[in-house]
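Q: Just passing along the structure, written as structure tokens.
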Amino acid sequence: MNYKVASAVAAILATGVTQAAEAQTAVAPVGIEEVTVTATRRSENLQDVPLAIQALTGETLSQLNVSTIDDYIKYLPSVSLASRGPGESVVYMRGLSIGALGTQGQGSVGQWPNVAVYLDEQSTQIPGRNLDVYAADLERIEVLEGPQGTLFGAGAQAGVLRYITNKPKLDVTEGRVSASYGTTAHGSDNGAAEAVLNIPLIRDKMALRAVIYNESRGGYIDNVGSTFTRRPTDNGIASRTCNAGTAGAGCVADYDASTPGTVPADSVVIVYFHHEADDINDFSYKGLRVGLAYRINDDWDALLTQTYQDMNSSGVFYQLPNGSEGQPLNELEVTLFNNTKISDKFWNTALTVNGKLGVLDVVYSGAYLKRDSDQIADYTNYARGVYGIYYQCTGYSGNSVDKCYSPSSTWHDTTENINQSHELRFTTPGDWRLRAVGGLFWEQRELNDDTEWLYKSVPECTVGGPQSCFFWLDPLAAPKFQSASLNDPGRRNPATGFFDDFRRTYEAKAVYASVDFDIIPEVLTITGGTRYYKLSNNMLGANIGSFYCKQYGSGTSVLTGPCTGPAAGNAPYGSNLDEQIPNSDSVSDFKSRANISWNVTGDIMLYATWSEGFRMGGFNRGFAAFLPDPDPTNVDANGKPINQYFRPFAYESDELTNYELGWKTLLLDNRLQINGAVYREEWKNVQTGIFAPQLGLGNLTAGLNGPEYEVNGVELQFVAQVTDGLTIQGSASYNDSKLVNSPALIDSNPDSAGFGQPITET
């Protein structure tokens, strides 16, 4: 169950603020302003659009003093954010979330988001890293709730979040400069500055609008000093004690993790602390946007916009109850042993051309987005995991562990994202009894992700070096990875124990149409729309680790060389998706929408909507068998239990169907606006991720389908003009979510006795 309420109270010195506006706002002398929107790809009065819309205008954003998504999301009650800090968030609507995994590696293994995030006409979303647009010189931030698959496509399964920027104005010279200074509770200082300039370049023909901004916010999380000492109860240490009391290979397969082990006497301990500091989670936004508008003639105009933003953050945006040694911590404290930081930059070039062909309005929009993010985070607590001693201690099993090197560890994620889209849209006149909008759409997303986990501190092998060492990871030296399409094909950092290096591509082609017909003009209208799409999805690359790359040594010197397969072709550990089948998928289908709206009076409208949404599936890394059969007699030729489950190579798209009843009203002589909706959303074949090595499901995250959910909810928005100079706005939402099926892993091994049946025991 999810309950969220947000409200905003704003003193307006003119005629009050209202909700979303795309084009022009007509100012009424008394009462709430009439607002024109294009949520349905056509200019309409907000109160005439049979759709649940939440929005914050640029004026409201300024009055609330909010500029980042973490700020303004609290004023959008139907929208939720799973956030770990700037540049690390996923947007959800109407409670349609099953949680989010860690940011690291999400470019490789994360599911595509189910909310489309648009910068003007450009789709921007990628797994795990919402485009964190700074709210500078925005006309509005607009939320379209419920499936928008007909007009906005695959990414809009649960809704759309749109950043609409202010456009250049012909024959208008204007500008403004603003600055602010503040302090963070329990933290350090903040500062921001923004400048906007609009100037005509050619009379009645060309104008330029530019905005530049810089904001820095101080942190409030303290990184306190701590040591890090290995314990006998650490999973990796304790697991060396065998049930049978033996050492060697048998110990690995038959450990007793509840029994304390022995920490080697000369194990490296972090006894000093380089990174103790207060207010570590500071961040900054710097950027600019330049728009150039040109009127070609009375019927045609063009807009070219260039945007650049550079976001940087440090530290973490959470607190820990205990430190690395188990010591209790105060509020807003953590213990980290390495610098944690993010650099997130994007460049976006967009061209929009508007014109007329006869009676039809024509819009072409094209955009090219390039985004680069680079993140490093502390991972030192991995040393207490089951495999920490394998990567950080000489030997591995039984009493062969005689020295443990530094437990200090990090992970490093580098992501390059390229989105390109083109759309051609045609619209009939809005005063026709039968109206239509339709178009053609093409989009391509490229996501290149390289995530490395740097927790290997046992030295690499050298002549005359330590007897227990690791051969280095050189992907192209290993025959089974030579065909892999890697972003970085070179030799990896000596500390890298495992890495994901993948290239994902996503291409969408679509044709869509939506038709409105007035059964009774200005009273009763029906709407029907559909989108035919063809999507292709592809993933290439490899995940590679140092398992089977460890040399235990038996002499005084060790030969050098890359890890290329000394253990019967097992080394290095991992999977090559270029050789995996399937590593690509193509799907085509229709997604549709139907609506009926009734204008009970000129100020009261009721509507009913049925709509569909979807998102693309994806691929897992490698094929492996898990979950041994509990029947001791069901064994293979070598006497080992037969596994019941094979992790699937791929997972499918999931589907969302929305049933909605809504109302929009203007009361008390246009001084009170009350809009609301009740809805049921049915989410089927839902994509979910499993990471459960302790259950025998392997040491990699797996994407699966299976759960089905139902969300019943209600939302309410109001705007009240108390006086001609004071407007009050408020909104609230309530969602009741439930699982409606009993998902289970199905025995997928034909050699298992329970093949085709739910797995209930292992």
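The values are calculated or read from the model by the stated rules, or taken from the named source; none is laboratory data. What you are looking at is a predicted structure, and each value in this text was computed from that prediction instead of being measured. Note that we place each Cβ from the backbone using ideal geometry, even for glycine, and neighbour counts take in every protein chain shown. Note: accessible area is taken over every heavy atom of the protein model, side chains too, but ligands, DNA and RNA are not part of it. Shrake-Rupley method; radii C 1.70, N 1.55, O 1.52, S 1.80 Å.
Q: Between the DSSP loop rule and a limit of at most 12 other Cβ atoms within 10 Å, which GluC sites (Glu not before Pro) in the stretch 304-351 are left?
A: Sites meeting the loop and neighbour criteria: E325, E331.
Q: Continuing with this model, one more query. In square angstrom, what is the accessible area per residue of the chain with a 1.4 angstrom probe?
A: Per residue, the chain has an accessible area of 42 Å².
Q: Relative contact order for the chain: what is it in percent, counting Cα pairs under 8 Å that are at least 6 residues apart?
A: Relative contact order, the chain: 12 percent.
Q: Oh, and also: Under 14 Å from a point placed 7 Å out from the Cα of E761 along the Cα-to-Cβ direction: which residues of the stretch 614-630 have their backbone N that close?
A: Correct set: 628-630.
Q: Would you mind calculating the gained length between L197 and Y532 on full extension (0.36 nm times residue separation, minus the Cα-Cα distance), in nm to one decimal?
A: So the chain would gain 116.4 nm between L197 and Y532.
Q: Further question on the same structure: Computed FRET efficiency, Cβ-Cβ of S588 and L668, R0 41 Å: what is it to the nearest 0.05?
A: That gives a FRET efficiency of 0.20.
Q: Answer rounded, prolate or oblate for the stretch 108-166, using the Cα gyration tensor with square roots of eigenvalues a ≥ b ≥ c: rounded when a/c is under 1.5, else prolate when a/b is larger than b/c, else oblate.
A: The shape class here is oblate.
Q: Roughly what would the spin-label model give for T259 and F649, points 7 Å off Cα along C-beta, in nm?
A: Calculated label separation equals 4.3 nm.
Q: L360 accessible area, nearest 10 Å², 1.4 Å probe?
A: 60 Å²
Q: Which order do E88, E174, E579, E522 take when ranked by solvent-accessible area (1.4 Å probe, heavy atoms of all protein chains), largest first?
A: Ranked from most to least accessible, the order is E522, E579, E174, E88.
Q: Moving to a separate point now. Across the stretch 672-683, in residue order, what do the Karplus-derived ³J(HN,Hα) couplings come to in whole Hz, using 6.51 cos²θ - 1.76 cosθ + 1.60 with θ = phi - 60° and x for Gly and Pro?
A: 9, 10, 10, 10, x, 7, 10, 8, 10, 10, 10, 10
Q: While we're on this one: Take the Cβ-Cβ distance between L695 and K738 as r, set R0 to 30 Å, and report the resulting FRET efficiency rounded to the nearest 0.05.
A: 0.75
Q: Another question, then. Please give the contour-minus-distance gain from L329 to Q306: 0.36 nm per residue of separation, less the Cα-Cα distance, rounded to one decimal in nm.
A: Value of the extension gain: 3.7 nm.
Q: Nearest 20 debye, what's the magnitude of the dipole of the chain about its Cα centre given +1 on Lys and Arg Cβ and -1 on Asp and Glu Cβ?
A: Dipole size: approximately 860 debye.
Q: Could you please state, rounded to a whole Å, how far the C-alpha centre of the stretch 455-502 is from the C-alpha centre of the stretch 110-141?
A: First find each Cα centre; the distance between them is then 36 Å.
Q: From the Cα gyration tensor of the stretch 153-213, with a ≥ b ≥ c the square roots of its eigenvalues, which class applies: rounded if a/c is under 1.5, or else prolate if a/b is larger than b/c, or else oblate?
A: Taking the square roots of the gyration eigenvalues as a ≥ b ≥ c, the stretch 153-213 is oblate.
Q: Could you rank the peptides 317-323, 367-373 by their average count of other C-beta atoms within 10 Å per residue, with the highest value first?
A: Output ranking for 317-323, 367-373: 367-373, 317-323.
Q: How many nm separate the modelled label positions at I604 and E522, each set 7 Å beyond the Cα in the direction of the Cβ?
A: 1.9 nm
Q: Something else now. According to the square roots a ≥ b ≥ c of the eigenvalues of the Cα gyration tensor, what is the shape class of the chain, taking rounded for a/c under 1.5, prolate for a/b larger than b/c otherwise, and oblate for the remainder?
A: prolate
Q: Here's something else I'd like to know. With +1 on the Cβ of every Lys and Arg and -1 on the Cβ of every Asp and Glu, and nothing else charged, how large is the dipole of the stretch 310-432 about its Cα centre, in debye rounded to the nearest 20?
A: 260 debye
Q: Around E660, with a cut-off of 11 angstrom between Cβ atoms, what is the net charge of the other residues, counting Lys and Arg +1 and Asp and Glu -1?
A: 0
Q: Here is a further query. Report H422's accessible area, 1.4 Å probe, all protein chains in place, as a number in Å² to the nearest 10.
A: 60 Å²
Q: Please list, in order along the stretch 317-323, the HN-Hα scalar couplings obtained from phi with the Karplus expression 6.51 cos²θ - 1.76 cosθ + 1.60 (θ = phi - 60°), rounded to whole Hz, x for Gly and Pro.
A: Listing the rounded values in order: 10, 9, 10, 10, x, 9, x Hz.
Q: Counting other C-beta atoms within 10 Å, and keeping those with at most 11, which DSSP coil GluC sites (Glu not before Pro) do you find in the stretch 669-762?
A: Listed in order of number, the matching sites are E761.
Q: Once the piece of chain linking D48 and E579 is laid out straight, how much longer is it, given 0.36 nm per residue of separation minus the C-alpha distance between them?
A: Between D48 and E579, full extension yields an extra 185.8 nm.
Q: Restricting to DSSP loop positions (anything but H, G, I, E, B) with no more than 12 other Cβ atoms inside 10 Å of their own Cβ, which trypsin sites (Lys or Arg not before Pro) remain in the stretch 419-524?
A: R433
Q: Still on this model: How much FRET efficiency would the formula 1/(1 + (r/R0)^6) give for Y181 and D70, where r is the Cβ-Cβ distance and R0 is 25 Å, rounded to 0.05?
A: 0.80
Q: Taking the alpha-carbon centroid of each part, what is the distance from the stretch 528-550 to the stretch 618-671 in angstrom?
A: Here the answer is 16 Å between Cα centres.
Q: Please give the charge dipole size of the stretch 159-216, origin at the Cα centre, charges +1 on K and R Cβ atoms and -1 on D and E Cβ atoms. Round to the nearest 20 debye.
A: The dipole magnitude comes to about 360 debye.
Q: Follow-up question, since we're still on this one. With a point put 7 Å past each Cα toward its Cβ, work out how far D631 is from K286 in nm, to one decimal.
A: In this crude label model, D631 to K286 measures out at 6.7 nm.
Q: On a C-alpha basis, how far is the centre of the stretch 289-329 from the centre of the stretch 695-756 in Å? Whole number, if you could?
A: Rounded to whole Å, the Cα centres lie 27 Å apart.
Q: Can I ask one more? Along the charge dipole of the chain, pointing to its positive end and built from +1/-1 on Cβ of Lys, Arg, Asp and Glu, which listed residue (M605, Q482, G326) has its Cα farthest out?
A: Result: Q482, furthest along the dipole toward the positive end.
Q: At 1.4 Å probe size, what's the solvent-accessible area of I199? Round to the nearest 10 Å².
A: The accessible area comes out at roughly 50 Å².
Q: Projected onto the charge dipole of the chain (+1 at Lys/Arg Cβ, -1 at Asp/Glu Cβ, origin at the Cα centre), which of V271, V117, M206 gives the Cα projection farthest towards the positive end?
A: Final value for the positive-end residue is M206.
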